[in-house]
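Computed from the coordinates by the stated procedures, all read-outs in this text should not be read as laboratory data. Every value quoted in this text rests on a predicted model; they were computed, and no experiment measured them. Methodologically, a virtual Cβ is constructed for each residue, glycine included, from the backbone with ideal geometry; neighbour enumeration extends over all protein chains shown.
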Amino acid sequence: MKVEVITPDKTLFSGELDLVKVPGIDGFFEIMNFHAPMVSILTKGEIKLVDHKKQEQFLEINGGVIEVNNNVVKILAE
């Protein structure tokens with residue numbers, strides 16, 4: 001799936017991933033390929049990005065919003 005993590009200043013990540021784990025207001029949740037459409041608020045925490053080679057990358061955020069639609073994940077982070 002296509003994933004973008006954007007802050008007001010710059011793009012932190014843009015690329016293809018197999019899994020994204022984010023800090024939601026009710027706890028962490030994961031987004032995988034072909035997830036149902038959704039919008040959710042994010043809290044302060046760590047985003048986990050996993051590519052098709054199972055390599056992991058972590059990004060710290062102070063909150064934000066995630067939108068999932070048509071196998072595209074957009075995270076607007078603080």
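Taking 0.36 nm per intervening residue step and subtracting the Cα-Cα distance, what contour gain separates His35 from Leu76 on full extension?
Full extension from His35 to Leu76 adds 13.0 nm.
Cross-chain or 8 or more residues apart, Cα under 20 Å: how many lysine pairs in the chain fit that? Count them up, please.
16
Using a Gaussian network model of the chain with C-alpha springs under 10 Å, which one of Ile61, Ile25, Ile47 is most mobile by mean-square fluctuation?
Per the Cα network of the chain with a 10 Å cutoff, Ile25 tops the list.
Cut-off is 10 Å between beta-carbons; in what order do Val39, Val65, Val73 appear when sorted fewest neighbours first?
Fewest-to-most Cβ neighbours within 10 Å comes out as Val39, Val65, Val73.
Residue separation times 0.36 nm, minus the C-alpha to C-alpha distance between Phe28 and Lys2: what's the value?
7.4 nm
Scaled to the compact-protein estimate 2.2 N^0.38 Å, what is the alpha-carbon radius of gyration of the stretch 2-77, rounded to two decimal places?
For the stretch 2-77, the normalised Cα radius of gyration is 0.97.
In which sequence would Leu42, Leu12 go, from the one with the fewest C-beta neighbours within 10 Å to the one with the most?
Leu12, Leu42
Express the relative contact order of the chain as a whole percentage, based on alpha carbon pairs under 8 Å and six or more residues apart in sequence.
33 percent
Once you list every other residue whose beta carbon is under 14 Å from the beta carbon of Met38, what net charge do they have if Lys and Arg are +1 and Asp and Glu are -1?
Combined, the nearby Lys, Arg, Asp and Glu give -2.
Provide the per-residue ³J(HN,Hα) series for the stretch 64-70, in order, calculated from phi with Karplus coefficients 6.51, -1.76, 1.60 and θ = phi - 60°, each as a whole number of Hz, with x at glycine and proline positions.
Each residue of the stretch 64-70 in turn: x, 9, 10, 10, 10, 7, 6 Hz.
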